[in-house]
Amino acid sequence: MTRPEMPAEDAGMYVAREKIHPREVKGRFQNLRNLAVIVLLGIFYGLPWVQWDGRQAVLFDLPVRQFHIFGLTFWPQDFLYLALLLIIAALTLFFFTALAGRLWCGYACPQTVWTEAFIWMERWTEGNRQKRIKLDKSPWNREKVVRRGSKHLLWVLFALFTGVTFVGYFTPITELVGRAVSLDLGPWETFWLLFYGFATWGNAGFLREQVCIYMCPYARFQSAMFDRNTLIISYDEKRGEPRGGRPRGVEPRKRGLGDCIDCNLCVQACPTGIDIREGLQYECIACAACIDACDSVMDKMNYPRGLIRYSTENAMEGKKVRTLRPRVLVYGFLLLALITGVLVSLTQRTPLAVEVLADRNVIYREVDWETIENVYTVRILNKDRVSHAYTLTVEGLPGIEVITRSEQIRVGPGSTASEVARVRVPRDAVEGVGNPFRLIMQSVDDPSIRTVNNARFNAPSE
Amino acid sequence: MTKKRLLRSVGGTLWPSFLTAAFASVVFFANIDPETLHMQTLPDWRISRMTGYAIGFFMFWGVGLASSIITFVLTDGGPREST
Ligand code: SF4
Ligand code: SF4
């Protein structure tokens with residue numbers, strides 16, 4: 001298939017990309033980022049190994065449709081929590097984006113975090129930026145083979161480990177690792193392990209900033225949450241320009257120069273390969289590497305730090321900065337309300353769910369002259385981790401009583417049971433259809449486990 | 001196809017459909033047990049829950065992918081707006 005030549009303005013999108021080798025920088029924000037990488041990866045790789053009450057603390061057990069998160073067990077019936085959790089996550093992202101820009105991108109996005117880890121491995125095996133650029137250009141000799149080979153070996157091993165860990169959130173990880181070592185994994189485990197491992201390897205090893213530029217939806221819509229008071233990384237043009245080289249110790253203003261010595265370190269440090277001095281660009285993931293790079297230069301030159309710094313558009317223009325804007329307050333308020341709501345409802349959660357279904361075939365039955373009977377099927381789901389015996393009682397109509405097959409209904413942990421409930425009411429106490437009453441299910445051993453279901457009782461109309 | 005275009009086509013088709021499929025599967029299977037579907041449609045076949053999830057996920061992914069590919073072809077290959 002041939003295609004017409006691309007028009008000139010599109011050509012930029014198609015030029016072969018040169019591999020970006022970000023320069024290693026040291027500084028406050030780099031330390032912060034390293035800390036974030038260690039903490040976040042530590043949580044990801046460590047969490048599946050944590051035990052709680054004799055089982056894996058965090059386990060999404062898909063085959064039996066239960067999610068265990070520390071002491072809590074979630075069922076498909078608890079879908080609401082999952083939905084709320086997603087909404088809370090999205091709102092948190094909005095909130096922090098409005099306040100502090102792309103904090104997420106710079107410190108917490110898995111793409112950034114894993115890329116950082118892969119760059120560390122690259123650095124251990126291939127050396128620093130200059131060495132890596134040289135290695136790229138050098139012909140395939142022994143050194144290149146050894147360095148490249150060990151890098152890829154490290155990467156693949158790390159990616160496989162990542163895949164195992166990922167699957168370990170869905171299958172008990174201790175058994176999983178045992179089976180992985182003896183190459184005895186099920187087809188789905190193998191598939192997801194390789195899938196996740198491959199994605200990590202490809203995204204963090206090869207695609208890197210291109211994921212942010214071409215594949216990330218957040219990168220495209222984050223600007224909608226920005227305003228003039230949002231924290232961004234910016235270059236102080238007034239202070240920096242005109243840029244230019246100069247010997248140390250020279251007073252720049254005397255030479256008609258700004259504070260930027262045009263060393264290009266900020267560009268070399270940038271993982272997305274942009275020049276922050278050209279202004280805010282959507283490729284910028286706000287990683288602050290350029291700040292650290294520039295600050296180190298300013299220190300050497302004995303200039304004040306902060307030629308590149310966290311700032312806001314308003315601040316850069318000398319206007320007043322308002323942190324608490326309506327949008328921040330609205331996001332913050334919604335967030336607080338939702339989180340409180342979820343926490344409260346989590347503490348109120350009863351580990352018991354009961355469904356009551358009326359018998360559709362028979363509207364009512366006349367047991368004898370004095371008594372009318374309705375039959376219901378009661379489905380009991382014991383969400384607790386121990387078995388319970390429950391009793392069923394009824395209230396709400398004069399003389400109402402219920403008959404079940406046995407006095408107590410025992411349901412095992414995480415199991416369901418069905419029970420037929422015959423509800424009887426004296427004939428002179430009810431009339432017509434739809435008389436409301438309540439069925440109360442209560443655990444014998446723990447009376448605080450109790451549910452109330454509303455149901456309707458049908459009787460002949462006189 | 002240049003490397004960049006290849007990348008854009010993958011980034012613009014496989015990836016968004018994967019994201020939406022993952023999301024759709026979570027919502028769908030949180031509310032519907034594949035076992036129930038299985039019993040009501042092909043009870044004679046042996047389909048485990050895990051297989052059920054996988055079928056659902058790949059079905060969602062496939063549908064999303066088809067849509068993304070069509071979008072990509074329509075927006076990328078067609079006549080360009082003059083400048
Ligand atoms: S642009 Fe997207 S992928 Fe890149 S760091 Fe930000 S959120 Fe992550
Ligand atoms: S411009 Fe600075 S903050 Fe933005 S991505 Fe590059 S190094 Fe990071």
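Could you tell me which of the residues A:285, A:274, A:261 is more than 8 Å from ligand 2 (Cβ to nearest atom) and in a loop (DSSP other than H, G, I, E, B)?
The conditions single out A:261.
Residues in the stretch A:212-234 that are more than 13 Å from ligand 1 (Cβ to nearest atom) and among the charged types (D, E, K, R): A:227, A:228. Among the candidates A:340, A:323, the residue that is surrounded by fewer than 17 Cβ atoms within 10 Å (Cβ to Cβ), hydroxyl-bearing (Ser, Thr, Tyr) and closer than 20 Å to residue A:233 by Cα is uniquely A:323. Which one of these is within 16 Å of ligand 1 (Cβ to nearest atom) and closer than 18 Å to residue A:31 by Cα: A:293, A:288? Every option except A:288 fails the conditions. When A:237, A:209 are checked against the criterion of being within 16 Å of ligand 1 (Cβ to nearest atom) and acidic (Asp, Glu), A:209 stands alone in meeting it.
Can you name the residue in the stretch A:237-258 that is in a helix (DSSP H, G or I) and away from ligand 2 (no atom under 16 Å from the Cβ) and is also nearest to the other protein chains (Cβ to nearest Cβ) among such residues?
In this case the residue turns out to be A:238.
I need a count of the residues in the stretch A:57-79 that are outside any strand (DSSP E or B) and more than 10 Å from chain B (Cβ to nearest Cβ). Let's see the steps before the verdict.
The first filter runs over the stretch A:57-79 and keeps only residues outside any strand (DSSP E or B), leaving A:57, A:62-65, A:70-71, A:75-79.
Those still in the list that are more than 10 Å from chain B (Cβ to nearest Cβ) too: A:57, A:70-71.
The number of residues fulfilling the criteria is 3.
Does residue A:120 satisfy being farther than 30 Å from residue B:48 by Cα, surrounded by 16 or more Cβ atoms within 10 Å (Cβ to Cβ) and aromatic (Phe, Trp, Tyr)? Walk me through it before giving the result.
On the way: farther than 30 Å from residue B:48 by Cα: yes; surrounded by 16 or more Cβ atoms within 10 Å (Cβ to Cβ): no; aromatic (Phe, Trp, Tyr): yes.
Spelling it out, it is not the case that residue A:120 is farther than 30 Å from residue B:48 by Cα, surrounded by 16 or more Cβ atoms within 10 Å (Cβ to Cβ) and aromatic (Phe, Trp, Tyr).
Could you count how many residues in the stretch B:29-52 are within 11 Å of residue A:76 (Cβ to Cβ), of a type in the set (A, V, I, L, M, F, W, C) and either part of a helix (DSSP H, G or I) or touching a strand residue (DSSP E or B) at 6+ places or on another chain (Cβ under 6 Å) (or both)? Total meeting the criteria: 2. Checked against the criterion of being over 23 Å from residue A:101 (Cα atoms), touching a residue at least 60 places away in the same chain (Cβ under 8 Å) and surrounded by fewer than 20 Cβ atoms within 10 Å (Cβ to Cβ), the candidates A:172, A:252 yield just one match: A:172. Pairing each residue of the stretch A:87-103 that is under 15 Å from residue A:233 (Cβ atoms) and within 16 Å of ligand 2 (Cβ to nearest atom) with any residue that is polar (S, T, N, Q) and in a helix (DSSP H, G or I), provided the two are 6+ apart or on different chains, yields C-beta distances under 9 Å for A:97/A:222; A:101/A:222; A:102/A:222; A:103/A:97.
Considering the stretch A:429-462, the residues that are in contact (Cβ under 8 Å) with a residue 40 or more places away in the chain and farther than 24 Å from residue A:381 by Cα include one that is farthest from the chain's Cα centre (by Cα), namely A:460.
Note on the stretch A:427-437: residues that are assigned to a strand (DSSP E or B) and either surrounded by 15 or more Cβ atoms within 10 Å (Cβ to Cβ) or among the hydrophobic types (A, V, I, L, M, F, W, C) (or both) total 2.
With respect to the conditions (1) closer than 26 Å to residue A:80 by Cβ; (2) surrounded by 15 or more Cβ atoms within 10 Å (Cβ to Cβ), residue A:400 lacks only one, and its number is (1). Checked against the criteria, residue A:413 counts as part of a loop (DSSP other than H, G, I, E, B), under 35 Å from the mean Cα position of the chain (by Cα) and assigned by TED's automatic domain parsing to the domain that holds residue A:360. Out of A:233, A:285, A:261, A:291, one residue alone is over 27 Å from residue A:37 (Cβ atoms) and surrounded by 21 or more Cβ atoms within 10 Å (Cβ to Cβ). It is A:261.
The values are calculated or read from the model by the stated rules, or taken from the named source; none is laboratory data. On a predicted model such as this, the values are computed, not experimentally measured, just so you know. Methodologically, a virtual Cβ is constructed for each residue, glycine included, from the backbone with ideal geometry; neighbour enumeration extends over all protein chains shown.
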